[in-house]
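The values are calculated or read from the model by the stated rules, or taken from the named source; none is laboratory data. All figures in this text were calculated on a predicted structure; none of them were measured in a lab. As a convention, Cβ positions derive from the backbone with ideal geometry for all residues, glycine included, and neighbour counts pool all protein chains shown. Calculation scope for accessible area: heavy atoms of the full protein, side chains included, ligands and nucleic acids excluded. Shrake-Rupley method; radii C 1.70, N 1.55, O 1.52, S 1.80 Å.
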Amino acid sequence: MRAITYDRTGPAAEVLSLRDLPDPAPGPGEVLVRVHASGINPADVKRRAGWGGLAMGHPLVIPHTDGAGVIKAVGDGVDARRIGQRVWMWNAQGGYGEAGRAFGTAAELIALPAAQAVPLPDRLSFAEGACIGVPAMTAHRCVMSDGPVTGLTLLIQGGAGAVGYLACQIAIKEGARLLSTVSGPENATRIEALGGLAIDRRREDVASRVLELTGGIGVDRIIEVDFAANCRTDAQLIKRNGMIASYSSSSDAKPVLDYYAYASKGANMRFIQGFSLPKDALRKAQMWIAQNHIHIPRHATFPLEDCAKAHEMVETPRPDAFGQVVLELTPSD
């Protein structure tokens, strides 16, 4: 099979290479998937780059945790009726804090545990399916981890991002009042088309606008894309005993917060790690995705051999970028 690999961390163009590797075979409890599309998440490019001191977990790595394709074979203990099933894959490579699996979805074939290959609804393309894993399950956990949101007011920071846009859709479908920060009028239009209220952080003071929209009482829950950048604002805007669910802090991995600004409100903080979700949360997210129609935007697609260019686009997106970057593979059989 053809696969993208790297054996050291560094810049995409220097460390990623296309090579031929032996076809994998499914072990007990595994399925073999012919990959049609491989989704690229920020975590994938950070790991390849060695961001924050991340080291190689294996001598040779095939990147990417998310993907979609068709099951070609099954290992012992897996129902043979799954052969031919369209699936989306999650956590195919592994998460932070553990070595995980060496070989991800940036290859023509992948063998992985059967539970990590989930039936792909017919309404979704392979490219869309390759964007479900990390973004959609993280978004569902952020929105729904503390119970129903019907009638609650949610502030989603960065609602036009991969996780944020899906979180906005989940919040609306679950009956929440949605406020979302965005950058620019085009992204504001996207949020408003979902039924939310958009706040352009480049043109408006976020805290003042949210307090105006909530009659000065703030919001029930905040979904946070960059805790370090927004922790002062979040402390102002969270209601008493409200919940902040943060899934990233890219601007500063070691943020300093005003403890009593949060403690005086009895605020709750939840850290969301998409690679380490509880089994029950995974089950609920997968059921939600199967039962609900969601829009999964893609910004660009590349062939497998242009993986380095795709990584560079994820690392330095254009200002008008909206949606994820995907590798599309042409099946050889």
(Q) If packing is taken as the average number of other Cβ atoms within 10 Å across a peptide's residues, how do 54-60, 178-184 rank, most packed first? (A) 178-184, 54-60
Q) Roughly how many percent of the accessible protein surface of region 186-262 is carbon and sulfur, given a 1.4 Å probe and a whole-percent answer? A) 47
**Q.** Members of 173/309; 254/284; 173/239 lying beyond 29 Å, as alpha-carbon distances in this model show
**A.** 173/309; 254/284
**Q.** Unit charges on C-beta of K, R, D, E only; dipole of the chain, Debye
**A.** 660
Q: Return the sequence-ordered ³J(HN,Hα) values of region 205-212 in whole Hz as given by the Karplus equation 6.51 cos²θ - 1.76 cosθ + 1.60 applied to θ = phi - 60°, using x for Gly and Pro.
A: 7, 4, 4, 4, 5, 5, 5, 4
Q) Using 0.36 nm per residue, how much length does the chain from residue 258 to residue 122 gain when fully extended, once their Cα-Cα distance is taken away? A) 44.2 nm
Q) About the Cα centre of region 29-128, what is the dipole size in debye to 20, counting +1 per Lys and Arg Cβ and -1 per Asp and Glu Cβ, all else neutral? A) 120
**Q.** Stretch gain in nm, segment residue 23-residue 320, where the contour uses 0.36 nm per residue and the Cα spacing is subtracted
**A.** 103.0 nm
**Q.** Residue-normalised accessible area of the chain, expressed per residue, 1.4 Å probe, Å²
**A.** 44
Q | Heavy-atom accessible surface of region 86-155: percent carbon and sulfur, 1.4 Å | A | 58
(Q) For the ranges 215-222, 162-169, what's the packing order if you count other beta-carbon atoms within 10 Å of each residue, average per peptide, and put the highest first? (A) 162-169, 215-222
Q: Pull out a ≥ b ≥ c, the square roots of the eigenvalues of the alpha-carbon gyration tensor of region 62-184, then state rounded if a/c is under 1.5, prolate if not and a/b is larger than b/c, and oblate in the remaining case.
A: prolate
Q) Can you give the extra length, in nm with one decimal, that the chain gains between residue 60 and residue 276 once fully stretched, where that is 0.36 nm per residue apart less the Cα-Cα distance? A) 75.5 nm
Q. Amide H to amide H, which residues 5 or more places from residue 321 or on other chains are under 5 Å from it, using H placed in the peptide plane?
A. none
Q.
Quick check: at a probe of 1.4 Å, how many percent of the accessible area of region 35-78 sits on carbon and sulfur atoms?
A. 59
(Q) Output wanted: per-residue J couplings in Hz (rounded whole) for region 154-169, from phi through Karplus 6.51 cos²θ - 1.76 cosθ + 1.60, θ = phi - 60°, x for Gly and Pro. (A) 10, 10, 10, 6, x, x, 9, x, 4, 6, x, 5, 5, 4, 4, 5
(Q) For residue 298, what residues show an amide H to amide H distance below 5 Å, using hydrogens built from the backbone and excluding near sequence neighbours? (A) 324
Q. What ranking, highest mean first, results for peptides 198-205, 239-246, 111-118, 257-264 when packing means the other Cβ atoms within 10 Å averaged over each residue?
A. 111-118, 239-246, 198-205, 257-264
Q.
Charges on Cβ only, +1 for Lys and Arg, -1 for Asp and Glu, centred on the Cα centroid of the chain; of 207, 163, 29, which one is farthest towards the dipole's positive end?
A. 207
